[in-house]
Amino acid sequence: MAFTYDMIKPILDASAQAQRLKLIGEVLPPTLYDNDLLADTVTLPATPALGLDEPSLAYRARMGGEPVALVFEAGANNGYSGRIGLVLAVLADGRLRAVRVSQYKETPVFGDYIDPKKDKNKSNPVDRAGSAARATTALGGHWKVKKDGGRFDARAGATISARAVTNASGKALIWIAERRDALFALPSGAALTEKTP
């Protein structure tokens, strides 16, 4: 059995890498960077601001050695049916490039619009309203659905998950903005600690 596993392990690893790159490609097209994202990573600590209970990886995109974007995971633990996993791409200047839902359990049809793969509209409300938003504490109040006084769309009767995704995205942007320079400066494979501002 171990022999069989050793034979297929490279195939499984290649498949997992391809899946990772596909998900990353949804938030950051490969035309925007020229480095090996899977090799240029840093470990983020478990932190409530990102909605993460365990450490996770941040992928650093570069073009000609210059920082382009960070791609990382975050989570919203207050979705309608529980936790919503997110993948975000934040450009080096602090703008949100895109956010995608990577995991959720929603009532079919009602919560589907937070996931462009299932929504007929095919456009994430956070992407539409937040693509030009800068991650600063001054914009903290804008990271809300319109119903709460913010600028992000939500469907009538289905605002819980949209609210959760919007709030989690805003918190993640602020957290990353405060650590962006350190994240790009760390050697590949290093871990960001809370002592690293």
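Just so you know, all these numbers are worked out from the coordinates, no wet-lab data involved. All figures in this text were calculated on a predicted structure; none of them were measured in a lab. A quick note on method: Cβ atoms are made from the backbone with ideal geometry, for glycine too, and the neighbour counts reach across all protein chains shown.
Here are some notes:
- A crude spin-label estimate for the pair Asp93 and Glu54, with each label 7 Å from Cα along the Cβ direction, gives 3.7 nm.
- Sequence of Thr166, Thr47 once ranked by neighbouring C-beta atoms within 10 Å, starting from the fewest: Thr47, Thr166
- Compared with the direct C-alpha span, the chain from Thr193 to Lys22 gains 58.7 nm at full extension, assuming 0.36 nm per residue.
- Other residues within the sphere of radius under 13 Å centred on the Cβ of Pro55, judged by their own Cβ, net out at -4 (K and R +1, D and E -1).
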